[in-house]
Amino acid sequence: MKSFRAILLLILMTVFLTAFASADDAAPTQIRTPEELLAIADNPEGSYVLMNDLDMSGYDWPSFTFKGTFDGNGHMIINLHWTKVSEETQVTYDGNRKTYDTHFAGLFAILDHGTVKNVRLPGVNLCFENYEGDCFLGGIAGYATESTIENCEISGTIRLDVTGKMFGVGGIIGYGNAVVRNCKAVVTLVNTDLDAANKDEEFLGGVCGAGYPDIDGCEIEISGFLSDHGYVHSGGLVGMYIVYPKAFKRDGYIKNTTLSGFITFFEHNNNRRAYCKERCGEVMDWYFSSSGNKFTFKRDERTKYDVNLLPHGDCKNPDFEVTTVEATCRDAGYTLHTCKTCGYTEKDNYVLSAHKLPDTYETITESTLTTQGVGEYTCTECGAKIRKALPTLTPVPTEKPAPTVTPTEAPSKATTDVINETKSGSGIWLYFLPVLIGLPLGAIAALLYRRHRRIKLKRLRKARRIQAAKAARAREKQDD
Ligand SMILES: [Zn+2]
Ligand SMILES: [Zn+2]
């Protein structure tokens, strides 16, 4: 009997544990706050989904290696701020396949067998203006290997002013390989070599500085500024297409991609190559197919080597007019600086997108004295329905008969999000899974238990009968 109970308990426990475990596997960790976004660095192999837009102002974004899945869920992250590149290095190869232990920074400094999708990064300002060493910067990944980047949008400036032997910048990837699909980048890329005395290897590309990315269905707008006293490899999409390591061969592709923009550069070097082309600046290994691309690109080479090339560097009389561009339902707001002399623009002070909510709402669920109600606002711009928690009611002092109740304050954003979550209820049914599985199994276990008891009772009765018969026979013998 005891063993039967133990087995029953074991069955039920297993059911509950597996149900909860599968719930965890199925549902990615939801991110709602800057702190939760920062916590990815503590568990970089996890699966994450962004539940709302995030403003990372005031935080120092860590440069770490990510090996999991990050789904931006269509949301944006603004005001990321970097002060450090990755401590971890990866090997990069130059055109002679010489190797360098290199550091990186980006949304993910190193993306290793990872996936990044559906995230928007407006107004990126990924800038290191006095870096000593070998380094690559990329908007989504400083370095990527065997990874996927899809449906991402990035705009802003990526800038590396550096003293090193091996360095570069890319709109989406600094160095490496990944599938880059349906991404949009409107980027200003600046790479300045601070060490005029020594030759170096320098790379710049709208998608990728150097490596062998597969590119499909992307839209790239590049403004490149490159000042180098070494070897320049720059391209509208890829600075140098190189498959590595040496013996490795692989068929890649660059297709259905639109490129517009320019690269202004100088290569200060008496053994000049000055690679700068629309698709790939230098192609080391022609292992990729190229089809369905559209390029509108200007190669703008300069020969004055003592003035570093910078955005707005050519303007004779910088004179900025400042206007504020309001956030819309979908896009971030920002401050726009427009040069009255040349028309050059810069953007900063990004604020999160916001729906325009009216004062009035429709009550979906009334508040009571103990529970919050639900109100639904209709965005006056886009018609989106936004639900917010309504505060619990406050009893009016009972001096007069028939007490009335009134709502107290406007709903806060925090409570709103809770309501939205409950409504969308992503994965909430999983919590009922144990019950759903547990009930039928419990019933089966109970039936088994009853059957087991019945059989045991039967056996007991039979044993008693046999014993009684034996006793009777013994008595008969005695009587005889
Ligand atoms: Zn100007
Ligand atoms: Zn709206």
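Here, each number is a calculation from the coordinates, and none is a lab measurement. Not measured: the values here are computed from a predicted model. Quick reminder, even Gly has a Cβ in these numbers, built from the backbone with ideal geometry, and neighbours come from all protein chains shown.
Table for the structure above
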{"item": "Top positive-direction residue, dipole computed over the stretch 28-311 with Cβ charges, set ASN130, ASN79, VAL238", "result": "VAL238"}
{"item": "Hz values of 3J(HN,Hα) by residue in the stretch 131-141 - Karplus curve (6.51, -1.76, 1.60), Gly and Pro given as x", "result": "9, 10, x, 9, 7, 10, 10, x, x, 8, 9"}
{"item": "Hydrodynamic radius by Kirkwood, which averages 1/r over all alpha carbon pairs of the stretch 28-311, in angstrom", "result": "18.1 Å"}
{"item": "In Hz, Karplus ³J(HN,Hα) per residue of the stretch 335-346 (6.51, -1.76, 1.60; θ = phi - 60°; x = Gly, Pro)", "result": "9, 9, 10, 10, 6, 6, 7, 10, x, 4, 10, 9"}
{"item": "Computed lengthening from GLU326 to HIS312, 0.36 nm per intervening residue step minus Cα-Cα distance", "result": "2.6 nm"}
{"item": "Convex hull of the stretch 296-357 built on C-alpha atoms - directionally averaged projected area, nm²", "result": "6.5 nm²"}
{"item": "Cut-off under 5 Å, modelled amide H: who pairs with ILE154 long-range", "result": "LEU121, LYS184, ALA185, VAL186"}
{"item": "Near-label residues of the stretch 122-140 by backbone N, under 17 Å of a point 7 Å along Cα→Cβ of GLU381", "result": "122-123"}
{"item": "Radius of gyration and Dmax over the Cα atoms of the stretch 142-252, both given in Å", "result": "13.5, 42"}
{"item": "Order by protection proxy (mean Cβ within 10 Å, highest first), peptides 274-280, 28-34, 326-332, 226-232", "result": "226-232, 274-280, 28-34, 326-332"}
{"item": "For the stretch 225-239, Karplus couplings with θ = phi - 60° (6.51, -1.76, 1.60), whole Hz, Gly/Pro x", "result": "9, 9, 10, 9, 9, x, 10, 8, 10, 9, x, x, 9, 9, x"}
